[in-house]
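Throughout, read-outs are computed from the coordinates displayed, never taken from laboratory work. Quantities reported herein were computed from a predicted structural model and do not represent experimental measurements. Cβ placement follows ideal geometry from the backbone for every residue including glycine, while neighbour counts extend to all protein chains displayed.
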Ligand code: NA
Ligand code: NA
């Protein structure tokens with residue numbers, strides 16, 4: 001078998017195993033290991049596994065995942081998210097889909113600072129998911145909102161992937177952050193529109209609460225202020241430059257834990273349950289991340305991404321058709337790959353291809369524009385049915401929602417993403433106007 | 001092709017380390033072998049693990065060749081880290097790289113056992129870049145948090161009065177812009193791709209030290225080649241190769257410096273009297289290194305003398 | 001009956017491991033808060049990220065057994081939900097067997113990794129902390145993880161898996 005064929009077989013094997021109920025992490029590890037050994041033999045695979053597992057588990061940047069999950073557990077044990085959602089309902093509950101819109105806002109803020117859409121999806125599923133359900137929102141709209149909202153952070157600074165793309169292409173990080181402003185705003189607007197339409201088409205999915213008077217609103221907001229203050233401390237601390245994302249996660253966990261004890265009456269059994277909940281979620285996310293790493297290492301060894309792009313280049317198509325094809329590849333890769341791995345694996349082969357196209361703009365402008373498109377495509381890949389890492393994570397944390405409902409719920413958000421991709425392809429100015437590049 | 005060699009590196013495919021070194025090396029070896037050797041280059045840790053795992057991946061035969069820094073695997077190449085001690089450098093990669101090769105192949109055989117050294121070449125000179133406060137005198141170090149990339153240079157920074165902070169390279173831009181650190185010690189060339197001049201303001205333009213870039217091949221992979229193909233590897237490694245890389249690295253210094261000046265930054269020279277004070281102050285870092293080498297069965301003092309002799313001969317300042 | 005009592009025992013052990021992991025994680029969080037405060041007062045801690053890394057590695061490994069035993073790893077069931085129960089049972093048994101092999105290989109290689117870290121003297125950059133400490137700390141939970149993976153497979157093979165409500169309630 002050629003490397004290319006091994007790569008194709010790996011994808012086929014993962015998809016077949018997923019359909020046949022093999023857990024996601026195990027499917028990726030098996031396909032990855034077989035692909036790896038298929039290229040190098042078993043010796044190098046067994047040798048690399050000696051350090052791969054603990055290296056992945058003991059990572060400073062990834063430690064934000066268990067820390068934020070612990071924070072989320074403390075918040076729910078202490079009833080802090082209940083207070084937050086009561087306040088949100090008092091303010092927005094009388095609007096159609098108001099709580100879902102509030103969740104989008106919270107996801108955007110949280111995702112922006114945490115930088116990992118998987119961690120955002122997992123944490124927000126724990127914090128916001130049960131509350132939306134409690135207020136009568138349908139499972140489809142709840143999981144769809146969480147999936148869509150989880151991907152927003154990638155365009156909002158500080159975005160880890162944007163920074164890596166900037167360093168790779170030697171573009172200014174500042175320019176890329178500016179370029180992401182309009183697309184990011186479009187994304188939020190698109191999602192809010194999806195929720196508004198959804199709530200109109202299926203009113204039962206997003207029940208309206210009665211309008212509250214201001215004394216009630218103030219009372220609910222006063223009850224929510226400690227939780228809101230911690231959230232502001234964590235978000236503001238990162239934007240204000242006081243601490244790094246990992247530090248913010250640690251501070252958030254400690255502060256929310258203290259609040260849960262003092263205000264929410266959390267005791268030892270609550271602490272135990274919080275840790276056990278964190279443990280289960282952390283375990284399945286990290287094993288998926290390990291699987292994704294082995295899978296992308298094996299895929300790199302097959303050299304399939306490079307050959308695929310060579311084949312695309314050899315097709316000699318119109319520039320826009322090439323862009324469309326490349327974006328489709330990202331959507332497919334997103335089925336089983338983590339976004340950062342996708343970007344690292346594909347940029348070396350894709351960026352020269354883009355620079356070689358006649359797009360009627362300067363090289364830096366083309367790279368900025370394309371970078372924004374890639375970031376969106378990568379995230380859409382992670383929430384597009386039937387396979388998408390974030391969908392699996394959210395669904396696993398919202399056990400009462402069948403996967404088919406999640407697929408239904410996320411469809412509108414994906415559609416809005418694809419529309420946005422189309423808009424930015426058609427009007428590169430959406431990414432470039434504010435940067436002054438052309 | 002009859003043989004496939006895999007190169008694993010933590011560097012980005014767009015960096016000078018790939019475009020001028022590893023990719024060219026792969027092409028050159030493939031061509032010189034008449035296509036009998038195929039070289040595959042994997043940037044950005046694409047084959048998994050963290051940079052700290054690179055050496056083990058080579059030793060275990062996961063890959064044949066790695067590109068790494070001695071600081072990534074503390075305790076594995078302490079001798080090579082001696083070349084990175086402050087004021088032990090020539091200031092130019094073209095002269096520091098042959099010094100490094102001479103020291104490594106002549107004095108550190110024990111440390112590099114099982115390793116075929118393709119090249120140990122130096123980065124261009126590393127200097128102090130700060131955000132708010134220029135470092136012109138030793139007193140200016142007081143209270144500064146400076147990002148460093150290794151243990152011995154950390155010792156030197158502490159001896160000068162500042163606090164060393166360890167942050168992985170991709171996080172440094174943000175750490176500087178957020179004020180998590182007040183500055184960093186890093187070479188000129190790398191400030192351009194990372195656009196560090198966007199977040200730093202003052203640059204003490206004195207070559208404090210030079211980091212070592214190591215391209216290492218597994219001895220077993222080398223031994224597995226027939227003599228004529230071993231000769232191809234030999235022709236693409238060694239002192240001359242390292243010197244050639246050094247010359248390329250030196251060409252990256254001036255554009256980076258000019259980009260920094262163009263950004264309106266304050267680039268100034270260090271007073272010679274201060275240089276003398278600093279040199280005297282970093283002695284503790286030397287002592288730590290000598291002690292470390294002695295604990296590993298070397299004659300630490302003699303090794304340090306050899307290091308000084310070799311670097312002096314190649315133009316140490 | 002013996003299978004049930006074995007599950008109860010493994011359940012207690014894996015919860016204990018998870019709680020110890022939670023302690024490590026909480027300690028890392030408190031330590032980080034302390035380091036942030038110290039840095040704010042001009043005394044940054046050199047190598048604080050190394051402490052967090054070690055604690056996170058220990059915590060994540062300690063979290064594995066409880067998730068494995070509860071069947072908490074995500075699987076996509078939507079495509080086969082309408083298949084006959086017997087087919088689903090066979091599929092899940094095969095999946096559990098594959099998963100057990102995967103975990104056994106991971107744990108076996110991790111053990112070798114720990115031995116290597118010890119014999120090669122791998123240490124961290126700033127604290128000079130031996131890497132084998134981390135591996136040694138997770139030796140017991142990693143072994144427990146492997147036992148749990150095999151146990152879940154055996155349970156399925158004998159058609160004795162616990163009712164779903166005993167499983168993960170995340
Ligand atoms: Na992501
Ligand atoms: Na972000």
Given (1) at the interface with another protein chain (Cβ under 7 Å from one of its Cβ atoms); (2) touching a helix residue (DSSP H, G or I) at 6+ places or on another chain (Cβ under 7 Å); (3) in a loop (DSSP other than H, G, I, E, B), index of the condition residue C:45 fails = (1)
Helices (runs of 4 or more DSSP H) within the stretch A:302-394 that include 2 or more residues within 16 Å of ligand 2 (Cβ to nearest atom) = A:339-356, A:363-383
Pairs, first farther than 30 Å from residue A:406 by Cβ in the stretch A:195-219, second assigned to a loop (DSSP other than H, G, I, E, B), C-beta under 9 Å, six or more apart | A:211/A:93; A:211/A:94; A:212/A:93; A:212/A:94
Identify all residues within the stretch B:48-103 that are more than 22 Å from residue B:168 (Cβ to Cβ), within 14 Å of chain A (Cβ to nearest Cβ) and in a helix (DSSP H, G or I); write none if there are none.
-> B:59
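Specify the residue that is nearest to residue C:58 (Cα to Cα); the eligible residues are those in the stretch C:123-140 that are touching a strand residue (DSSP E or B) at 6+ places or on another chain (Cβ under 7 Å) and surrounded by 22 or more Cβ atoms within 10 Å (Cβ to Cβ).
Initially, the stretch C:123-140 is screened for residues touching a strand residue (DSSP E or B) at 6+ places or on another chain (Cβ under 7 Å), giving C:123, C:125-126, C:129-131.
From the residues that got through so far, the ones that are surrounded by 22 or more Cβ atoms within 10 Å (Cβ to Cβ) too are C:125, C:131.
Numbers: C:125: 19, C:131: 12 Å.
Applying the filter and picking the extreme gives C:131.
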Output the qualifying pairs, or none if there are none: Cβ atoms under 6 angstrom, residues six or more apart or on different chains, first residue in the stretch A:150-169 and touching a residue at least 12 places away in the same chain (Cβ under 8 Å) and within 8 Å of chain B (Cβ to nearest Cβ), second residue more than 11 Å from ligand 1 (Cβ to nearest atom) and outside any helix (DSSP H, G or I).
-> A:168/B:12; A:168/B:14
Which one is surrounded by the fewest Cβ atoms within 10 Å (Cβ to Cβ), of the residues in the stretch A:18-60 that are more than 8 Å from every other protein chain (Cβ to nearest Cβ) and within 29 Å of the chain's Cα centre (by Cα)?
-> A:34
Residue that is nearest to the other protein chains (Cβ to nearest Cβ), among those in the stretch B:16-40 that are surrounded by fewer than 21 Cβ atoms within 10 Å (Cβ to Cβ) and not in a helix (DSSP H, G or I) = B:40
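Restricting attention to the stretch B:145-190, which residues are assigned to a helix (DSSP H, G or I) and within 12 Å of chain A (Cβ to nearest Cβ)?
B:169, B:170, B:171, B:172, B:173, B:174, B:175, B:176, B:177, B:190
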Exactly one condition in (1) out of contact with any helix residue (DSSP H, G or I) (no Cβ under 6 Å at 6 or more places or on another chain); (2) crowded, with 21+ Cβ neighbours inside 10 Å; (3) over 23 Å from residue B:268 (Cα atoms) is not met by residue B:59; state its number.
-> (2)
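Of the residues C:54, C:69, only one is more than 8 Å from chain A (Cβ to nearest Cβ) and touching a helix residue (DSSP H, G or I) at 6+ places or on another chain (Cβ under 9 Å); which? Before you say what the answer is, go through the steps one by one.
Values: C:54 fails: more than 8 Å from chain A (Cβ to nearest Cβ).
Result of the check over C:54, C:69: C:69.
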Any chance the stretch A:126-138 includes a residue that's surrounded by 24 or more Cβ atoms within 10 Å (Cβ to Cβ), within 16 Å of ligand 2 (Cβ to nearest atom) and away from chain B (no Cβ under 14 Å)?
-> no
Checking B:47, B:54 in turn, the sole residue that is buried (at least 24 other Cβ atoms within 10 Å of the Cβ) and within 18 Å of residue B:219 (Cα to Cα) turns out to be B:54
Regarding residue A:161, is this residue surrounded by fewer than 24 Cβ atoms within 10 Å (Cβ to Cβ) and within 13 Å of ligand 1 (Cβ to nearest atom)?
-> yes
Among the residues of the stretch C:79-86, is any exposed (fewer than 15 other Cβ atoms within 10 Å of the Cβ), assigned to a helix (DSSP H, G or I) and more than 7 Å from every other protein chain (Cβ to nearest Cβ)?
-> yes
